[in-house]
Amino acid sequence: MKSSRLTFVLLTIVVLTFSVFFIVSQEPEAQEVTSVDGVVTVTGLTRTAQDFTVDVVDGSKTGEPLLSAIYRVEPANVPLDTSIVLSFAKTKEAGTATATTVYQWNTALGMWETVSTVVANTPDVLAVQITSLGDFALGTMPTIDAPTMLTSYDELHAKAPIGTRGYRIVVAYMLPNGVYVRLPDAGEIGGCGGRVGAGDRTEYSSTTAAVTVPVNDVSTPVEFIMVSEWAVSGDGAGCAASMPLKAQE
């Protein structure tokens, strides 16, 4: 009997120990990390096994609208339990005093995108909330009048893979160095009869167009790219004939 009680007590202690360890190990930890040049600070909670790191991966000027160096925030490809704050210092010394926008690199689309969740914008700091890590840069948002031809998307619609049930088209323009920056107000989403459906894999198509458009009210030759993300069903069951792919209204 004593042996059974002792075994029960020992098992209880082991279970409690592991439970406490699991709970404690899952508690988020506050972190604050600043880049070596003092421009970028990451603040937030994390349950990742690694600490946040911020590295300058491109110290050269990237040209407008990207004003700062490119900063890589890691661990990459690790889901965050909650959003964290990414703060950029706006200074004349760093060349970022006129910055208005934080950009994040979208690897899948191959372009820079603006981060819209701004939490602070003062003469000295521009801070945003982020839920995924990767490459970031500070810059401005030029006014570009996208031509009417970029809203037709007929060429992309014709490239929809068999089994497509939904899609998203994004539009970007090319920087002088050949890198694309997304236009946040241009694009289209759609699906079967205008209803965006889910797929079990994503495929991509793209097309380009070179046109002259107003950029900050100055007529400028610009190369645009349109990229479509297709939500494709693995069994090939796409839209019914009575509900073809069309834009969401």
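Spin-label point model (7 Å from Cα, Cβ direction): what's the Asp200 to Thr34 distance in nm?
With each label placed 7 Å out from Cα toward Cβ, I get 5.0 nm.
Taking amide H positions as placed in the peptide plane 1.01 Å from N, state which residues far from Gly199 in sequence (5 or more) or on other chains have amide H under 5 Å from it.
Excluding prolines and chain starts, which carry no amide H, the hits are Val232.
How would you rank 168-178, 199-209, highest first, on the average number of other Cβ atoms within 10 Å across their residues?
Highest-to-lowest ranking by the protection proxy: 168-178, 199-209.
Through the Karplus equation 6.51 cos²θ - 1.76 cosθ + 1.60, θ set to phi - 60°, convert the phi angles of the stretch 223-231 into ³J(HN,Hα) values in whole Hz; use x for Gly and Pro.
Going residue by residue, I get 9, 10, 10, 10, 10, 10, 9, 9, 8 Hz, with x marking Gly and Pro.
Quick query: amide H of Ser68 versus all other amide H atoms, modeled in the peptide plane; which residues come in under 5 Å with a sequence gap of 5 or more or a different chain?
Distant-sequence amide H within range of Ser68: Leu138.
So who's got an amide H within less than 5 Å of the one on Thr117, skipping anything under 5 residues away but keeping other chains? H placed 1.01 Å off N, in plane.
It is Gln129, by chain and number.
For the stretch 109-118, take each phi angle, set θ = phi - 60°, evaluate the Karplus expression 6.51 cos²θ - 1.76 cosθ + 1.60, and give the result in whole Hz per residue in order, putting x for glycine and proline.
8, x, 7, 7, 10, 6, 9, 8, 8, 6
Under the Karplus relation 6.51 cos²θ - 1.76 cosθ + 1.60, θ = phi - 60°, what is the ordered set of whole-Hz ³J(HN,Hα) values for the stretch 183-190, x standing for Gly and Pro?
Result, ordered by residue: 8, x, 9, 10, x, 7, 10, x Hz.
Where a number appears in this text, it was derived from the coordinates with a stated rule and is not lab data. Everything quoted here is computed from the prediction, not taken from an experiment. A quick note on method: Cβ atoms are made from the backbone with ideal geometry, for glycine too, and the neighbour counts reach across all protein chains shown.
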